[in-house]
Each structure stands twice: as C-alpha cells, then as structure tokens.
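Worksheet: the structure to be examined is printed underneath.
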C-alpha cells in the first residue's frame with residue numbers, strides 16, 4: 001500500500017461568478033443616485049424662448065449670472081451659488097474672476113440667464129454691472145423654441 005494518496009483533480013468551473021459584479025453595479029448605482037441631483041447647477045429661472053445658434057461647450061466653466069423674477073442676482077462660480085448676491089459683491093467677484101482669467105491668458109465666457117418674468121431693468125442692470133467689472137463680451141442664455 002502506498003503512503004501517498006492520489007490527489008483528486010478538480011474540474012474546471014465553466015461558470016462566471018457574478019456576485020462581485022452585482023456588488024460593483026449596486027455601488028455604482030448608489031453613487032449615480034447621489035451625484036445626479038448635484039449636477040444641476042444654478043438657480044431655476046424660466047428662460048425666454050428664442051431660436052439662436054447653440055454655442056459649443058468649452059473646457060473652462062463660464063460665468064453665469066442668473067436674474068430671478070424678483071430681481072435677485074446669483075453667480076454660479078461664487079462660494080454659495082444658491083445664495084443671492086448684492087450688486088456690489090457680484091461686481092467684485094466677477095472682476096476678480098475676469099482678472100484671474102486674463103492673468104492666465106484664458107478666455108472667459110460670461111452669460112446672463114434672466115427669467116422671462118424678470119423686470120427688464122434688472123437684467124440690464126446686471127449687464128451694466130458686468131461691464132463695470134470689465135466684461136467686454138456678454139451673452140444671453142435662452143431656451144430653444
């Protein structure tokens with residue numbers, strides 16, 4: 001009798017173990033469920049409808065000044081983008097960002113997103129504030145009709 005036992009050969013398993021893939025999929029699902037609401041930036045305004053040529057997206061995020069129907073100003077790149085800014089603070093923040101972009105030789109796109117029910121004067125005031133801050137080229141955001 002032999003002291004050595006024969007080793008039993010195991011058969012190859014021809015099935016894929018999908019449990020780790022399910023775990024990864026569920027983790028990704030949770031991440032996307034949490035991240036999706038964070039992707040909507042800015043203040044909700046009812047934009048006017050117009051047929052305009054769409055501007056292609058650029059690498060650098062543009063400055064977007066939102067004007068609500070009650071005349072409040074919001075800046076998408078401020079420390080608190082969902083908090084209204086007084087006119088003087090809006091002008092100083094835009095001025096600092098324009099200066100920073102000019103120092104880096106980067107083009108900075110600036111847009112005004114005015115609510116359709118906003119007073120025309122408040123939208124014009126926002127554009128004047130941007131002009132005083134040093135913005136030379138300002139675009140208006142509309143909704144495609």
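Quick rundown of the values:
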quantity: Residue pairs meeting the criteria (Cβ under 8 Å; at least 6 apart or on separate chains; first free of Cβ contacts under 8 Å to residues at least 24 places away in the same chain, in the range 76-102; second in a helix (DSSP H, G or I) and buried (at least 17 other Cβ atoms within 10 Å of the Cβ)); calculated: 77/93; 77/97; 78/93; 85/93
quantity: Conditions (1) outside any helix (DSSP H, G or I); (2) surrounded by 13 or more Cβ atoms within 10 Å (Cβ to Cβ); (3) out of contact with any strand residue (DSSP E or B) (no Cβ under 9 Å at 6 or more places or on another chain): number failed by residue 106; calculated: (2)
quantity: Within the range 134-145, considering residues that are outside any strand (DSSP E or B) and out of contact with any strand residue (DSSP E or B) (no Cβ under 6 Å at 6 or more places or on another chain), the one surrounded by the most Cβ atoms within 10 Å (Cβ to Cβ); calculated: 134
quantity: Evaluation of residue 58 against (1) crowded, with 16+ Cβ neighbours inside 10 Å; (2) closer than 20 Å to residue 134 by Cβ (one fails), failing number; calculated: (1)
quantity: Selected residue (only one of 36, 99, 77 is part of a helix (DSSP H, G or I) and under 21 Å from residue 131 (Cβ atoms)); calculated: 99
quantity: Complete set of residues in the range 86-98 that are in contact with a helix residue (DSSP H, G or I) (Cβ under 8 Å, 6 or more places away or on another chain) and exposed (fewer than 15 other Cβ atoms within 10 Å of the Cβ); calculated: 87, 92
quantity: Residue 83 modelled with pLDDT of 90 or more and exposed (fewer than 13 other Cβ atoms within 10 Å of the Cβ); calculated: no
quantity: Qualifying positions in the range 110-133 - in contact (Cβ under 8 Å) with a residue 24 or more places away in the chain, farther than 20 Å from residue 45 by Cα and surrounded by fewer than 17 Cβ atoms within 10 Å (Cβ to Cβ); calculated: 132
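The values are calculated or read from the model by the stated rules, or taken from the named source; none is laboratory data. Only a predicted model underlies this, so the values are computations on that prediction, with no experimental measurement involved. We place every Cβ from the backbone using ideal geometry, glycine too, and count neighbours over all the protein chains shown.
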